[in-house]
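Asker: There's a structure below that I have some questions on.
The values are calculated or read from the model by the stated rules, or taken from the named source; none is laboratory data. The shown structure was predicted, so the numbers you read here are calculated from the model rather than taken from an experiment. We place every Cβ from the backbone using ideal geometry, glycine too, and count neighbours over all the protein chains shown. Accessible surface is based on the protein model in full, side chains and every heavy atom, while ligands, DNA and RNA are left aside. Shrake-Rupley method; radii C 1.70, N 1.55, O 1.52, S 1.80 Å.
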Amino acid sequence: MSKRKIASCVWILLVLLAGQSGAQPFSADIAAFKKQDSIAFPAAGAVVFAGSSSFTKWTDVQDYFPGYNIINRGFGGSSLTDLIRYKQEVMYAYQPKQVVIYCGENDIAAADSVTGEMVFERFRVLFEDIRRQMPSVPVLYISMKPSPARWAMRSRMQQGNKLIQRYLKKKRHARFLDVWDAMLGNDGLPMEKLFIADRLHMNAAGYAIWQQLIRPLLKK
């Protein structure tokens with residue numbers, strides 16, 4: 001195991017241990033999910049969307065995929081370490097037929113020192129945990145997207161995407177969905193028309209692209 005890989009694993013462990021000693025990040029978001037579930041707990045066998053704000057802001061995601069039962073458990077600002085921390089609450093509890101993940105972008109944005117390789121190692125920890133809990137449930141990972149606001153981070157994002165894609169190619173019941181090129185214009189830059197004013201989060205046009213790419217990969 002490389003020194004960088006060891007350091008990444010140790011860092012994740014420290015983050016998780018630190019979260020047990022005090023107020024955990026995103027505890028309010030998780031509490032809101034639990035409150036919603038207490039009113040009407042979703043039936044087992046749905047497709048769970050888990051990840052960061054690109055899912056959180058997709059408030060009408062169910063309308064994009066008629067015929068599918070979608071549970072949206074995106075919580076804005078979250079990183080892969082947060083998904084690891086709350087895996088039981090946002091994925092396992094629902095006994096899903098499929099898990100769709102969008103996460104990793106906030107890991108990169110957190111610090112210049114976070115590399116694509118570190119993001120991959122965090123994803124690997126998450127994926128291996130999912131496999132221990134749900135050995136045959138299909139996992140779909142959506143690549144980190146290109147956005148105008150984070151274009152300077154593209155090399156690290158693309159490195160992470162490539163490593164995750166290479167890893168998932170060797171795994172059963174797992175797919176990598178590349179949305180990167182579909183969101184670029186003829187000039188090779190992210191299409192501004194796909195984003196809201198912050199130039200980071202998508203508008204309906206951006207989600208329409210994701211819809212077309214995701215729909216063929218969803219499990220009935």
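Asker: Using the beta-carbon distance between GLU128 and LEU217 and R0 = 25 Å, what value does 1/(1 + (r/R0)^6) give for FRET efficiency, to the nearest 0.05? Provide the component values of the computation, followed by the final result.
Answerer: Details: r = 21 Å, r/R0 = 0.86.
Efficiency computed from Cβ-Cβ geometry: 0.70.
Asker: Let me ask something else about it. Can you pull the percent of Cα pairs in segment 174-220 with separation above 14 Å? It would help to have the intermediate numbers written out before the result.
Answerer: Values: 579 of 1081 pairs.
That tail contains 54 percent of the Cα-Cα pairs.
Asker: Still on this structure: For the chain, with every protein chain kept in place, what is the accessible area per residue (1.4 Å probe, Å²)?
Answerer: Values: 10420 Å² over 220 residues.
Value returned for the chain: 47 Å² of accessible area per residue.
Asker: Net charge near MET157: determine it from the other residues with C-beta under 9 Å of the C-beta of MET157, scoring Lys and Arg +1 and Asp and Glu -1. Can you show the working numbers first?
Answerer: Numbers: positive: LYS145, ARG150, ARG154, ARG156; negative: GLU105.
Result for the neighbourhood of MET157: +3.
Asker: In whole angstrom, how long is each semi-axis of the equivalent ellipsoid of segment 62-167, when you take the square root of 5 times every eigenvalue of its Cα gyration tensor and sort them from largest down?
Answerer: Numbers: eigenvalues 115, 53, 32 Å².
Values for segment 62-167, descending: 24, 16, 13 Å.
Asker: Something else about it: Hey, if you drop one equal point scatterer on each alpha-carbon of segment 20-65 and run the Debye formula without solvent, what base-10 log of I(q)/I(0) do you get at q = 0.26, 0.30 Å⁻¹?
Answerer: These q points yield log10 I(q)/I(0) values of -1.21, -1.25.
Asker: Calculate how large, on average over all directions, the projected area of the Cα convex hull of segment 113-220 is; give the answer in nm² to one decimal. Write out the running numbers ahead of the final one.
Answerer: Values: hull surface 30.9 nm².
Computed as one quarter of the Cα hull surface, the answer is 7.7 nm².
Asker: Using only Cα positions of the chain, each an equal point scatterer, no hydration layer, compute I(q)/I(0) via Debye at q = 0.10, 0.15, 0.16 Å⁻¹ and quote the log10 values to two decimals.
Answerer: Those come out to -0.42, -1.01, -1.16, one per q.
Asker: Right, another one. Tell me the net charge near SER52. Cut-off is 12 Å between Cβ atoms, SER52 excluded, with +1 for each Lys or Arg and -1 for each Asp or Glu.
Answerer: So the surrounding residues net to -1.
Asker: Two decimals, Cα atoms only, Kirkwood Rh: what is Rg/Rh over segment 24-94? Spell out each step's value before the answer.
Answerer: Numbers: Rg = 11.7 Å, Rh = 12.4 Å.
The Rg/Rh ratio comes out at 0.94.
Asker: Grab every C-alpha pair in segment 113-169, bin the distances at 10 angstrom width from 0 up to the longest one, and report whole percents.
Answerer: Going from the shortest bin to the longest, the percentages are 23, 48, 23, 6.
Asker: Then there's this: What share of the DSSP beta bridges in segment 92-218 is antiparallel, in percent to the nearest 5? Don't jump to the answer; show the numbers that get you there.
Answerer: Details: 2 of 9 bridges.
Antiparallel: roughly 20 percent of the beta bridges in segment 92-218.
Asker: Taking 0.36 nm per intervening residue step and subtracting the Cα-Cα distance, what contour gain separates SER27 from ASP63 on full extension? Don't jump to the answer; show the numbers that get you there.
Answerer: Values: separation 36, 0.36 × 36 = 12.96 nm, distance 2.77 nm.
Answer, rounded to one decimal: 10.2 nm.
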